[in-house]
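Each remark here refers to the structure printed beneath this line.
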């Protein structure tokens, strides 16, 4: 598992000197998917907000009450037609990335690294106490602590939901059962929007934690190797 | 994922040679040691004793980073001259997938009368004018292309075909939607009336306001695709496209052309549609 920590040694002639530890945390497929997902998510959110600008409401068209007027500067595509081109192109990259990721995680068994299960429940409270209430830091035994597993598992679930709600908007007739599950096209559009904000909330927290955890942690998502892991 | 860290791969084998040479230089004085510990770190990032040399870790890390380089291909989307064709390809792929998802017999959801949006709240959407000033007495639908009986068809002739009424959802590409009540003749019935070659690929229409649209034949033959002359059980109003419009519950709003004046059956599209030709989806099936 991800706990395969090895010693880093410096070899000088016959002498070997231990100078640190390292663990291979992220297989290539996971790293590729992570960055593909990051890029496509960026484009999908930006173009999605441009699409939303065309009708920034979840009510009736007549009379129209705008929910928020999203600034064009924080949108991608320039106009509705352009944004739809970006959205309908990158959704395929997003979906394909998601399928490859899920397939890899399941068949390689690597999902155990991130999947939150009942075994992680007892570890949640100590972690919350540590993060938010200055409690003692629980012992780190693996790549992800129970709260991280919870966050990543939720994020993956949100990713699946973002695709399902999106498909319901794109194909409310051919996939009418999907739209029906969401209360019809009109509601599916709202769910799609809310799922986006939930994902953005995750991304925000994720970025904060990446900054707090420092350079070695960030590098591990590029090279796979994390130097001096805490476990 | 445990095997990964000790599994040799092609690149490492290749690099192994240079490491071996380094090792050979070192080996001389420590032969005995090498026999006791037959570790050959050449093609494994992690040695058998569970350690990794700092040099090895650096080179392995560098190589792993380089393996991410295919991601740079996405940078093509940032190059202005490539961006447009790439996005066109992406949209084209979406349209292809839309075509595959379309099922001839699958009906769009219909709604109870109580769910229908009130008539006055059904938006009037057009690209130019609300009312292009059609003179009803002179109006005909000019039929041409791959049909046996081309010519000018009067509204009364279209009304001789069986009338269907349906409460269906109208979805605008902008994102809003309403449920409307539409009535008219099935386009498929009209295509029989004019003797259309239904093996042709497209049905195109032109409008009194110079709008134009096209439909794939499968959608044109769909049982819910109407040549619509009624909304809310009343003759179409001018602003809603009188005297004749399209109602296609399996398509996005901009396909539901109003104020029809011409209809053609064809295999070749010179232009697709007013919005499509500006970059919107050509198929946009719902």
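Bear in mind these aren't lab numbers, they're just calculated from the coordinates by the rules spelled out. All figures in this text were calculated on a predicted structure; none of them were measured in a lab. Here the Cβ positions follow ideal geometry from the backbone for every residue, glycine too, while neighbour counts run over all protein chains shown.
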### Query
Across peptide B:69-80, what mean number of C-beta atoms from other chains lies inside 10 Å of a residue's C-beta?
2
## Note on the structure
Classified through the alpha carbon gyration tensor (a ≥ b ≥ c as square roots of its eigenvalues; rounded if a/c is under 1.5, else prolate when a/b is larger than b/c, else oblate), the protein assembly as shown comes out prolate
### Task
Among B:217, A:209, rank each residue by its count of other Cβ atoms within 10 Å, from fewest to most, as a rough exposure measure.
A:209, B:217
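For a footprinting-style exposure proxy, rank B:142, B:219, B:160 by other Cβ within 10 Å, fewest first. Present the calculation step by step, with values, prior to reporting the outcome.
Details: B:142 14, B:219 22, B:160 11.
With the fewest neighbours first, B:142, B:219, B:160 line up as B:160, B:142, B:219.
Can you give the mean number of other chain Cβ atoms that lie within 10 Å of the Cβ atoms in peptide A:173-184?
Mean partner shielding for this stretch: 4.
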#### Entry: Overall form of region B:102-278 per C-alpha gyration tensor (a/c, 1.5; a/b vs b/c)
rounded
#### Entry: Burial ranking of peptide ranges B:95-103, B:204-212 (average Cβ count within 10 Å, highest at the top)
B:204-212, B:95-103
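By the gyration tensor of its Cα atoms, with a ≥ b ≥ c the square roots of the eigenvalues, what is the shape of region A:87-231: rounded for a/c under 1.5, prolate for a/b over b/c, or oblate? Present the calculation step by step, with values, prior to reporting the outcome.
Working: a/c = 2.25, a/b = 1.85, b/c = 1.22.
Note, shape of region A:87-231 comes out prolate.
Quantify how strongly other chains surround peptide A:19-28 by giving the mean number of their Cβ atoms within 10 Å of each of its Cβ atoms. Write out the running numbers ahead of the final one.
Details: counts 2, 3, 2, 9, 1, 10, 1, 3, 4, 5.
Counting Cβ atoms of other protein chains within 10 Å of each residue's Cβ and averaging gives 4.
Which whole-number percent gives the relative contact order of region A:26-223, counting Cα pairs below 8 Å spaced six or more residues apart? Could the numbers behind the result be given before it?
On the way: 184 pairs, mean separation 35.3, N = 198.
In percent, rounded to a whole number, it is 18.
Eigenvalues of the Cα gyration tensor times 5, then square-rooted: what semi-axes does that give for region B:48-206, in whole angstrom, largest first?
Working: eigenvalues 613, 95, 68 Å².
Here the semi-axes work out to 55, 22, 18 Å.
Express in nm, to one decimal, how much length is gained between residue B:104 and residue B:76 on full extension, taking 0.36 nm for each residue of separation and deducting their alpha carbon distance. Write out the running numbers ahead of the final one.
Details: separation 28, 0.36 × 28 = 10.08 nm, distance 3.77 nm.
Full extension from residue B:104 to residue B:76 adds 6.3 nm.
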### Task
Have a look at the DSSP beta bridges in the protein assembly as shown and tell me what percent are antiparallel, nearest 5.
85
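Sorting B:176, A:197, A:79 on the 10 Å Cβ count, fewest up front, what's the list? Could the numbers behind the result be given before it?
On the way: B:176 22, A:197 11, A:79 15.
Fewest-to-most Cβ neighbours within 10 Å comes out as A:197, A:79, B:176.
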